[in-house]
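The values are calculated or read from the model by the stated rules, or taken from the named source; none is laboratory data. Since we're looking at a predicted model, the values are computed, not measured. Here Cβ is always computed from backbone atoms with ideal geometry, including for glycine, and neighbour counts include all displayed protein chains.
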There are 2 protein chains.
Amino acid sequence: MTPTIHPGLEDIVAASTRLSSVDGLAGELIIAGFALEELAGNATAEETLFLLWHDRLPDAAELADFCGRLAAQRTLPSVTLDLLRATAAAKAPVMDALRTTAGTLSLWLPPSDDPWAEAIALTARFPVIVAAYWRLLHGEEPIAPDPVMGHAANYLYMLSGNQPTKAQVRGLETYLNTVSDHGFNISTFAARVIIASGTDLTSAIVGAVGALKGPLHGGAPGPALETVFEIGRVERAEEVLRAKIERGERLMGFGHRVYKVRDPRADVLSAAAERLIEAGGDRTVYDLARSVEETALRLLEEYKPGRNLKTNVEFYTALLLHLVGMETELFTPTFAIGRIGGWIAHCFEQREAKRIIRPQSIYHGPRGRQWQR
Amino acid sequence: MTPTIHPGLEDIVAASTRLSSVDGLAGELIIAGFALEELAGNATAEETLFLLWHDRLPDAAELADFCGRLAAQRTLPSVTLDLLRATAAAKAPVMDALRTTAGTLSLWLPPSDDPWAEAIALTARFPVIVAAYWRLLHGEEPIAPDPVMGHAANYLYMLSGNQPTKAQVRGLETYLNTVSDHGFNISTFAARVIIASGTDLTSAIVGAVGALKGPLHGGAPGPALETVFEIGRVERAEEVLRAKIERGERLMGFGHRVYKVRDPRADVLSAAAERLIEAGGDRTVYDLARSVEETALRLLEEYKPGRNLKTNVEFYTALLLHLVGMETELFTPTFAIGRIGGWIAHCFEQREAKRIIRPQSIYHGPRGRQWQR
């Protein structure tokens with residue numbers, strides 16, 4: 001009997017998780033018990049991390065302690081910083097630098113009895129690596145982390161050297177919370193496969209960063225805003241988009257593999273972008289993006305009626321992170337800074353399961369080759 | 001309807017592959033069309049790499065070209081060497097150093113149109129990294145690779161600085177061929193999950209090294225020989241082993257999750273060890289190991305009748321690599337040097353499949369939590 005092959009495993013349920021529920025038909029995302037809409041705009045980045053890792057929100061004392069432990073782990077080992085400098089000289093993309101230097105973090109961890117020490121160090125240092133690398137890449141010296149600032153605020157501060165506004169921090173935290181977990185996406189599954197071997201957390205996280213780098217990984221904001229910039233003026237939207245559709249190009253920022261109705265993350269990020277505008281953010285790009293969206297949805301319905309393509313998370317991620325003040329090359333690294341909370345929570349959940357993840361393969365190659373040389 | 005969960009995916013066939021066939025009930029391993037027994041003792045390391053990557057053996061001109069291209073890629077970027085020095089100062093385990101420094105290899109690759117360039121560089125440099133790190137860890141300077149030597153011979157040369165004997169090279173090549181591929185083991189599956197995102201080969205290989213580091217990864221020779229050294233003299237074998245079994249300890253080196261009959265790799269490695277002895281290898285440990293094996297199998301049958309536990313690949317790997325002249329800490333890194341050929345072949349096969357690997361999860365956490373702070 002020939003066994004059934006499940007390429008891509010998309011029809012297979014590999015685990016039960018307490019971390020997040022993705023319901024593409026209902027357009028519903030639950031993160032650790034909270035509907036996304038309930039959590040994303042309210043929690044700080046630290047609260048969401050604690051929630052994912054411990055399945056409850058911290059009380060005031062626990063939160064202060066947790067924030068303090070994260071802030072205390074923001075200093076990079078000198079070897080990591082040296083490697084960032086060398087990597088910047090080679091002009092490597094930010095995600096490549098993050099993958100490579102993240103691997104060094106386990107090597108200079110102070111010994112600790114705390115099972116969360118490696119998790120805290122990795123999480124605290126991801127923004128430090130990205131910000132330091134970004135500045136080195138642009139010929140600027142890294143800015144030392146500010147231990148008084150929160151996780152998200154300090155990231156923005158280390159990027160620019162400017163104190164971020166409250167609205168910017170809130171916008172970034174809403175984004176980080178929104179992408180903190182999303183079922184068994186590719187990078188999360190990669191992390192679980194690796195950690196299930198009994199290896200260290202850093203190995204799993206480095207593997208996840210490597211997978212997130214891939215262009216087929218969903219959720220990471222790629223060129224969604226590039227079309228908006230290419231269009232440039234509201235009046236050109238219809239002409240440019242119509243030409244793209246007629247050339248058979250996919251419109252970046254619309255449609256999702258899982259969500260058949262509106263992606264709930266898109267709503268949350270769209271609202272966050274609006275709040276940033278209300279707080280004085282750059283209205284030009286925002287208005288243009290809204291107009292492009294409206295035109296794109298109308299044209300998609302015209303050319304592909306009934307396909308019901310919606311604005312996806314990439315579109316609003318790009319818009320929100322642009323309004324927060326980030327350049328496109330920082331979008332995917334910032335996604336990693338948000339998703340590491342989920343990766344780590346999944347690694348701890350997988351460790352508790354105490355079993356390897358190892359499907360079967362069947363062989364279709366030749367047999368009986370003889371050595372004749 | 002509650003969907004069926006397949007934790008560990010062990011009952012699921014995830015792909016069809018042309019690379020290797022593992023038949024645990026028949027005790028049969030086919031690698032790219034060759035029964036293991038036909039390939040392992042005949043092929044050079046380079047021939048097996050070419051075979052795995054191109055599904056046929058090279059002709060003489062192709063083989064010379066392939067060997068030359070591998071040999072030309074043995075120089076490490078200076079950044080990689082600097083990182084090895086820093087890592088050695090931190091006394092990190094060899095596998096941690098390999099995972100971390102392997103990540104740097106993609107950053108200083110010369111641009112190339114050859115789709116195999118990254119594969120060749122990674123494969124050629126794995127032994128260089130391990131040997132350089134091993135020497136740095138012991139306060140010695142790395143030995144420059146010898147471009148005239150083959151892949152396996154040069155690895156042994158870089159470790160010790162001595163020209164290896166023909167028997168040692170043959171022994172090591174038999175080992176590297178034997179472990180070059182083995183179906184969907186944990187590290188291979190991790191590499192396939194990562195590369196399926198469309199990311200670079202280095203990301204997939206770094207993830208695989210991280211998974212291979214895990215104690216639950218099969219095949220990597222751990223403490224199998226430690227029991228032999230602990231026993232020390234043939235006369236003590238029965239007493240020590242009996243005490244271990246009665247304390248409920250697992251005897252390392254016996255039994256395998258997949259192979260219910262004798263592991264075919266054990267036979268091949270056992271024969272290779274015998275040939276090394278015939279060529280003048282150290283008979284003391286060999287005779288002791290054989291005696292320990294015989295006693296262990298007899299006692300296992302006495303205490304666990306019908307379980308039919310056999311000597312596994314770890315036991316003979318440890319014996320063979322010891323006879324080749326390696327210390328225990330080099331066993332798993334040397335496994336990686338063999339398995340990278342299979343990892344890369346699987347990555348290319350997965351790329352051709354052009355689909356992500358992403359199973360589903362179901363959610364058992366709470367719902368409807370409200371934000372009240």
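State the number of residues belonging to the range B:333-373 that are at pLDDT 95 or above and in a helix (DSSP H, G or I).
20
Which residues, counting only those in the range B:1-21, are in contact with a Gly (Cβ under 8 Å, 6 or more places away or on another chain) and either in a loop (DSSP other than H, G, I, E, B) or more than 8 Å from chain A (Cβ to nearest Cβ) (or both)?
Answer for the range B:1-21, where residues must be in contact with a Gly (Cβ under 8 Å, 6 or more places away or on another chain) and either in a loop (DSSP other than H, G, I, E, B) or more than 8 Å from chain A (Cβ to nearest Cβ) (or both): B:Arg18, B:Leu19.
Among the residues of the range A:203-226, is any of a type in the set (Lys, Arg) and away from every other protein chain (no Cβ under 11 Å)? Walk me through it before giving the result.
Step one: list which residues in the range A:203-226 are of a type in the set (Lys, Arg), which gives A:213.
From the residues that got through so far, the ones that are away from every other protein chain (no Cβ under 11 Å) too are none.
No; the residues of the range A:203-226 include none that is of a type in the set (Lys, Arg) and away from every other protein chain (no Cβ under 11 Å).
Scanning for something under 24 Å from A:His151 (Cβ atoms), assigned to a loop (DSSP other than H, G, I, E, B), more than 11 Å from every other protein chain (Cβ to nearest Cβ) and of a type outside the set (S, T, N, Q), does the range A:281-293 turn up at least one residue?
Step one: list which residues in the range A:281-293 are under 24 Å from A:His151 (Cβ atoms), which gives A:281.
In the following step, the residues that additionally are assigned to a loop (DSSP other than H, G, I, E, B) were identified as A:281.
Cutting the leftovers down to more than 11 Å from every other protein chain (Cβ to nearest Cβ) gives us A:281.
Narrowing further to those that are of a type outside the set (S, T, N, Q): A:281.
Looking through the range A:281-293, at least one residue is under 24 Å from A:His151 (Cβ atoms), assigned to a loop (DSSP other than H, G, I, E, B), more than 11 Å from every other protein chain (Cβ to nearest Cβ) and of a type outside the set (S, T, N, Q).
Quick one: which of B:Arg351, B:Arg373 is surrounded by fewer than 18 Cβ atoms within 10 Å (Cβ to Cβ), within 14 Å of chain A (Cβ to nearest Cβ), in contact (Cβ under 8 Å) with a residue 12 or more places away in the chain and not hydrophobic (A, V, I, L, M, F, W, C)? It would help to see each step written out before you state the result.
Details: B:Arg373 fails: in contact (Cβ under 8 Å) with a residue 12 or more places away in the chain.
Exactly one residue qualifies, and that residue is B:Arg351.
Kindly indicate which of A:Leu49, A:Leu83, A:Leu29 is in a strand (DSSP E or B) and either on the phi > 0 side of the Ramachandran plot or not assigned by TED's automatic domain parsing to the domain that holds A:Val313 (or both). Break it down stepwise before answering.
Working: A:Leu49 fails: in a strand (DSSP E or B); A:Leu83 fails: in a strand (DSSP E or B).
Only one candidate qualifies: A:Leu29.
Do we find a residue being more than 24 Å from A:Thr48 (Cβ to Cβ) and crowded, with 23+ Cβ neighbours inside 10 Å anywhere in the range A:103-116?
Yes, some residue in the range A:103-116 is more than 24 Å from A:Thr48 (Cβ to Cβ) and crowded, with 23+ Cβ neighbours inside 10 Å.
Failed condition for A:Cys67, given (1) in contact with an Asp or Glu (Cβ under 6 Å, 6 or more places away or on another chain); (2) facing another protein chain (nearest Cβ under 10 Å), with all others met?
(2)
Tell me which residues, restricted to the range B:161-198, are more than 11 Å from every other protein chain (Cβ to nearest Cβ) and more than 14 Å from the chain's Cα centre (by Cα). Please lay out each step first, then the result.
So the first thing to find is which residues in the range B:161-198 are more than 11 Å from every other protein chain (Cβ to nearest Cβ), and the list is B:161-180.
Listed by number, the residues that qualify are B:Gly161, B:Asn162, B:Gln163, B:Pro164, B:Thr165, B:Lys166, B:Ala167, B:Gln168, B:Val169, B:Arg170, B:Gly171.
When you go through (1) under 27 Å from B:Gly218 (Cα atoms); (2) aliphatic (A, V, I, L, M); (3) in contact with a Gly (Cβ under 8 Å, 6 or more places away or on another chain) one by one for B:Ile143, which number turns out not to apply?
In the conditions (1) under 27 Å from B:Gly218 (Cα atoms); (2) aliphatic (A, V, I, L, M); (3) in contact with a Gly (Cβ under 8 Å, 6 or more places away or on another chain), B:Ile143 misses (1) alone.
B:Glu329 is checked against (1) surrounded by fewer than 23 Cβ atoms within 10 Å (Cβ to Cβ); (2) more than 19 Å from B:Ser187 (Cβ to Cβ) and fails just one. What number does that condition carry?
Condition not satisfied by B:Glu329: (2).
Only one of B:Ile277, B:Ile186, B:Ile205 is outside the structural domain of B:Ala318 (by TED's automatic domain parsing), touching a Lys or Arg at 6+ places or on another chain (Cβ under 9 Å) and either surrounded by fewer than 24 Cβ atoms within 10 Å (Cβ to Cβ) or β-branched (Val, Ile, Thr) (or both); which? Write out each step before concluding.
On the way: B:Ile277 fails: outside the structural domain of B:Ala318 (by TED's automatic domain parsing); B:Ile205 fails: touching a Lys or Arg at 6+ places or on another chain (Cβ under 9 Å).
From the options B:Ile277, B:Ile186, B:Ile205, the qualifying one is B:Ile186.
Applying the selection to the range B:106-125, what residues are within 22 Å of the chain's Cα centre (by Cα) and within 9 Å of another protein chain (Cβ to nearest Cβ)?
B:Ser106
With respect to B:Ala97, determine if the residue is touching a residue at least 24 places away in the same chain (Cβ under 8 Å), crowded, with 23+ Cβ neighbours inside 10 Å, out of contact with any Lys or Arg (no Cβ under 9 Å at 6 or more places or on another chain) and within 30 Å of A:Pro77 (Cβ to Cβ).
It is true that B:Ala97 is touching a residue at least 24 places away in the same chain (Cβ under 8 Å), crowded, with 23+ Cβ neighbours inside 10 Å, out of contact with any Lys or Arg (no Cβ under 9 Å at 6 or more places or on another chain) and within 30 Å of A:Pro77 (Cβ to Cβ).
Consider the range A:78-94. How many of its residues are more than 9 Å from every other protein chain (Cβ to nearest Cβ), within 22 Å of B:Val209 (Cβ to Cβ) and crowded, with 19+ Cβ neighbours inside 10 Å?
Looking only at that region, the number is 2.
Do you know which residues across the range B:205-245 are in contact (Cβ under 8 Å) with a residue 40 or more places away in the chain and more than 25 Å from the chain's Cα centre (by Cα)?
B:Ile231, B:Gly232, B:Arg233, B:Val234, B:Ala237, B:Glu238, B:Leu241, B:Arg242, B:Ile245, listed by residue number.
With respect to the numbered conditions (1) among the polar types (S, T, N, Q); (2) without any contact (Cβ under 8 Å) to a residue 60 or more places away in the chain; (3) more than 14 Å from chain B (Cβ to nearest Cβ), which one is the sole condition not fulfilled by A:Thr317?
(2)
Could you grab me the full set of residues in the range A:107-127 that are assigned to a helix (DSSP H, G or I) and modelled with pLDDT of 95 or more?
A:Ala117, A:Glu118, A:Ala119, A:Ile120, A:Ala121, A:Leu122, A:Thr123, A:Ala124, A:Arg125, A:Phe126, A:Pro127 - these are the residues of the range A:107-127 that are assigned to a helix (DSSP H, G or I) and modelled with pLDDT of 95 or more.
Mind listing whichever residues of the range B:32-46 are assigned to a helix (DSSP H, G or I) and either without any contact (Cβ under 8 Å) to a residue 12 or more places away in the chain or within 11 Å of chain A (Cβ to nearest Cβ) (or both)?
B:Glu37, B:Glu38, B:Leu39 - these are the residues of the range B:32-46 that are assigned to a helix (DSSP H, G or I) and either without any contact (Cβ under 8 Å) to a residue 12 or more places away in the chain or within 11 Å of chain A (Cβ to nearest Cβ) (or both).
One residue is enough: does the range A:282-289 have a residue meeting the conditions basic (Lys, Arg), more than 22 Å from A:Gly171 (Cβ to Cβ) and not assigned by TED's automatic domain parsing to the domain that holds A:Ser180?
To start, the set of residues in the range A:282-289 that are basic (Lys, Arg) comprises A:283.
Cutting the leftovers down to more than 22 Å from A:Gly171 (Cβ to Cβ) gives us none.
No, there is no match, as no residue in the range A:282-289 is basic (Lys, Arg), more than 22 Å from A:Gly171 (Cβ to Cβ) and not assigned by TED's automatic domain parsing to the domain that holds A:Ser180.
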